[in-house]
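Take a look at the structure below.
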Amino acid sequence: MSLPNKVKIVEVGPRDGLQNESLTVPAEIKIKLIEMLADAGLPVVESGAFVSPKWVPQMATSADVFQQVNKAAGVSYPMLVPNLKGLELAIAAGVREIALFAATSETFSQKNTHCSIAQSIDRFNQVIDEAQANDLKIRGYISCVLGCPYEGKVSLDTVSMLAQKLHDKGCYEISLGDTIGVGTAGLAQDMVEQVSRHVPVTQLAAHFHDTYGQALANIHAVLQCGVAVFDSSVAGLGGCPYAKGATGNVATEDVVYMLDGMAIETGIDMDKLLDAGSYISDFLGREPVSRAATALLRKRAG
Ligand code: HMG
Ligand code: MG
């Protein structure tokens, strides 16, 4: 299969990146970050989550963040929603796009959302019905597609089953999450090839955490299978509160650097992206977890 000449990058830093951060990030910092990311050319900036503030306190300001962000024309600002209560809060805040999530392992599903896989399917079906009745756009996530922190190896049949259900019910895109970053290139290709027998590859996205340093290689591998949508976090922010030791998503700067080098268009301005990464890294008091950002910022400093 020939490589795409264009790729969509879904920036998940303000949600996936910050949800596990121990330092409380005030709403105004998140708002500025989201605005800088949109200004850098990211077409989708996942901006928060309507999840239980008891379990994920960092996302408690999501309604304020969403409402106060200056929305750029043509940019989507999806919000993560786990259940009908989250949907109700999202609708009240004026959200136009939501992201739902399910997981391939029973233990992860219980830890992350306090329900079995079968209950999660009932839950997302109810949320999708209600979201469609309110004309919302719906994206779906599947976690632990290449391994689970509790159960180890996962079934690719379960990944395909969940992907097909989310797709058939009306999610416009299914993001396949290697939550703990254990996957390697061949396994990532096998997984995408299997799932794309059930959901068109044009409606699949890949969401690689970089815990084992495999994310860029995995992106390169699944590009060859036709995947042309990738989730990433500016400055490599992130982790999952229910996947101990999982590091951030692949850094947006690293993905853009690789794709620029391959002459694959993303529409992202690297200089502005570096500014956004520096802004949040300065606030958090650490260097960006991105090799490309570190090298380019060093070069910029002269
Ligand atoms: P629960 O405690 O079982 O919920 O949580 P419940 O229905 O029993 O309700 C208990 C209380 O929570 C009630 O309040 C509800 O109103 C409230 P009380 O009566 O005690 O005052 N509640 C809520 N409050 C705010 N927002 C809500 C909500 N729902 C109930 N939506 C629940 C179940 C699903 C809510 C909880 O487990 C939860 O919030 N889980 C989300 C965990 C999370 O955010 N995980 C990280 C995101 S997923 C991820 O990172 C993976 C991804 O990046 C892909 C990848 O990398 O694999 C997407
Ligand atoms: Mg994630």
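The values are calculated or read from the model by the stated rules, or taken from the named source; none is laboratory data. It should be emphasised that the depicted structure is a prediction, and the values quoted were computed from it without experimental measurement. All Cβ positions, glycine included, derive from the backbone under ideal geometry; neighbour counts span all protein chains shown.
I'd like to check something: does region 40-53 contain any residue that is at pLDDT 95 or above, of a type in the set (Ser, Thr, Tyr) and over 23 Å from Leu166 (Cα atoms)?
No - not one qualifying residue is present in region 40-53.
Which one of the conditions (1) over 14 Å from Gly17 (Cα atoms); (2) touching a Ser or Thr at 6+ places or on another chain (Cβ under 7 Å); (3) crowded, with 16+ Cβ neighbours inside 10 Å does Glu287 fail to meet, given that it meets all the rest?
Single failed check for Glu287: (3).
Any idea which of Asp129, Asp135, Asp122 is charged (D, E, K, R) and assigned to a loop (DSSP other than H, G, I, E, B)?
Asp135
Just give me the residues in region 108-150 being away from ligand 1 (no atom under 14 Å from the Cβ) and out of contact with any Leu (no Cβ under 9 Å at 6 or more places or on another chain), in sequence order.
Ala118, Asn125, Asp129, Gln132, Ala133, Asp135, Lys137
Identify the residue in region 1-51 that is within 14 Å of ligand 2 (Cβ to nearest atom) and in a loop (DSSP other than H, G, I, E, B) and, among all such residues, is surrounded by the fewest Cβ atoms within 10 Å (Cβ to Cβ).
If we take residues in region 1-51 being within 14 Å of ligand 2 (Cβ to nearest atom) and in a loop (DSSP other than H, G, I, E, B), then Glu21 is surrounded by the fewest Cβ atoms within 10 Å (Cβ to Cβ).
What is the one condition in (1) away from ligand 2 (no atom under 16 Å from the Cβ); (2) touching a strand residue (DSSP E or B) at 6+ places or on another chain (Cβ under 9 Å) that Leu274 does not satisfy?
(2)
Could you tell me whether Leu297 is in a helix (DSSP H, G or I), surrounded by 18 or more Cβ atoms within 10 Å (Cβ to Cβ) and without any contact (Cβ under 8 Å) to a residue 24 or more places away in the chain?
yes
Do the conditions hold for Gln164, that is, is it in contact with a helix residue (DSSP H, G or I) (Cβ under 8 Å, 6 or more places away or on another chain) and in a helix (DSSP H, G or I)?
In short, no.
Listed here are the residues, each with its yes/no results for (1) in contact with a helix residue (DSSP H, G or I) (Cβ under 8 Å, 6 or more places away or on another chain); (2) closer than 21 Å to Arg15 by Cβ; (3) free of Cβ contacts under 8 Å to residues at least 24 places away in the same chain.
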| residue | (1), (2), (3) |
| --- | --- |
| Val95 | yes, yes, no |
| Ala102 | yes, yes, no |
| Thr107 | no, no, no |
| Cys115 | yes, yes, yes |
| Gln126 | yes, no, no |
| Gly147 | no, no, no |
| Glu151 | yes, no, no |
| Ser175 | no, yes, no |
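Looking only at region 170-211, count every residue that is of a type in the set (Ser, Thr, Tyr) and away from ligand 1 (no atom under 14 Å from the Cβ) and tell me the total.
Residues that pass the stated criteria total 4.
Looking at region 213-239 only, could you name the residues that are among the polar types (S, T, N, Q) and either touching a strand residue (DSSP E or B) at 6+ places or on another chain (Cβ under 8 Å) or surrounded by 18 or more Cβ atoms within 10 Å (Cβ to Cβ) (or both)?
Gln214, Asn218, Ser232, Ser233, listed by residue number.
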